[in-house]
Amino acid sequence: IDSQLKKENIEYKLFFIDDVPRALQVNGYRCIPFVEFSELEGANKNISLAISDSMVREELVTKCERANIKLFDVKAPSVEIGQKVKIGKGSVLCSFVTMTSNIQIGINFHANLYSYVAHDCVIGDYVTFAPAVKCNGNVHIKDHAYIGTGAIIKQGKLGKPLIIGKGAVVGMGAVVTKDVPPGVTVIGNPARALKKG
């Protein structure tokens, strides 16, 4: 974040926000509770929600809106974004993330190291990509889905996208070749529903 803000010539102070701080500082930044941050002087308060639990992220977005705190987009310098890519507020795009073209992404999307999103994909709100996710073209991923490290999602077809349902979990290293229903966890190659035992 430091290098991004310096590059954009923005004057700033950075804090690490935690309602149950375990330390006075995290990575060299003062650690404070949300209430203290919301009461700080300054007209322009922004926040990046780097939290893996998408439901908690959604709750915090609502809390920020009530406190008039805006979502801040984090984008590593090595991120590549092609033409006609629309990304909602509050995204966190880590190093070497690539997005090709004709992509629509909702709010608070997290894409970790070396992940990519290919052409004609639609990704909902609060979706998380762990490192090295390969999302090929014509894929629709619904809200709150989690895609694990190294997962590969097969390309869908024009007019018949491959769909990852709301709240679905794709396990690490899984190879998704067909639709994943809402709330289902899939693992393996080819990906299949995890049986609860």
message: Need one number: nm distance between label points at residue 172 and residue 113, each 7 Å from Cα along Cα→Cβ, rounded to one decimal.
response: 1.2 nm
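Can you compute the equivalent ellipsoid semi-axes for segment 95-155, i.e. the square root of 5 times each eigenvalue of the Cα gyration tensor, sorted largest first and rounded to whole Å? Don't jump to the answer; show the numbers that get you there.
On the way: eigenvalues 40, 35, 23 Å².
For segment 95-155, the semi-axes come out at 14, 13, 11 Å.
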message: Across the chain, what fraction of all alpha-carbon pairs, as a whole percent, falls in each successive 5 Å bin from zero upward?
response: 2, 7, 14, 19, 18, 14, 10, 8, 5, 2, 0
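Taking the DSSP beta bridges in segment 59-179 as the whole, what percent of them are antiparallel, to the nearest 5? Let's see the in-between values first.
Details: 1 of 31 bridges.
So the antiparallel bridges in segment 59-179 amount to around 5 percent.
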message: Accessible area per residue for segment 40-87 in Å², computed with a 1.4 Å probe and the full protein assembly in place, what is it?
response: 68 Å²
query: How much net charge surrounds residue 155 when only the other residues with a Cβ under 15 Å from the Cβ of residue 155 are counted, with Lys and Arg +1 and Asp and Glu -1?
result: +3
Gap separating the Cα centres of segment 83-123 and segment 137-197, nearest whole Å: 17 Å
message: If I model a spin label as a point 7 Å beyond the Cα along the Cα-Cβ vector, how far apart are those points for residue 95 and residue 68 in nm?
response: 3.9 nm
- prompt: If you line up the long axis of helix 54-66 against the longest principal axis of the chain, both from Cα atoms, how many degrees apart are they, to the nearest 10?
  reply: 40 degrees
For segment 1-76, diffusion coefficient by Stokes-Einstein and Kirkwood Rh (Cα), 25 °C, 0.890 mPa s, µm²/s: 183 µm²/s
message: Using Cα-Cα distances under 8 Å and only pairs 6 or more residues apart, what relative contact order does the chain have, in percent?
response: 10 percent
field: Approximate spin-label separation residue 51-residue 12, in nm, with each point projected 7 Å along Cα-to-Cβ
entry: 2.0 nm
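Among rounded, prolate and oblate, which fits segment 113-197 when a ≥ b ≥ c are the square roots of the eigenvalues of its C-alpha gyration tensor, a/c under 1.5 means rounded, and a/b larger than b/c means prolate?
Numbers: a/c = 1.39, a/b = 1.25, b/c = 1.11.
Because its axes are fairly even, with a/c under 1.5, segment 113-197 counts as rounded.
On the protein heavy atoms, probe 1.4 angstrom, tell me the percent of accessible surface of the chain carried by carbon and sulfur.
The C+S portion of the solvent-accessible surface of the chain is 55 percent.
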task: Provide the packing ranking of 52-64, 117-129, i.e. peptides ordered by the mean count of other C-beta atoms within 10 Å per residue, highest first.
output: 117-129, 52-64
- request: Could you state the accessible area per residue of segment 121-191 in Å², with a 1.4 Å probe and every protein chain left in place?
  value: 42 Å²
message: On a 24 Å Cα-Cα criterion, which of the cross-link pairs 75/142; 63/196; 63/134; 89/178; 6/89; 154/195 come out too long?
response: 63/196; 63/134; 89/178
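The values are calculated or read from the model by the stated rules, or taken from the named source; none is laboratory data. All of these numbers come straight from a predicted model, not from anything done at the bench. Here the Cβ is made from the backbone with ideal geometry for all residues, glycine too, and neighbour counts use every protein chain on show. Note: accessible area is taken over every heavy atom of the protein model, side chains too, but ligands, DNA and RNA are not part of it. Shrake-Rupley method; radii C 1.70, N 1.55, O 1.52, S 1.80 Å.
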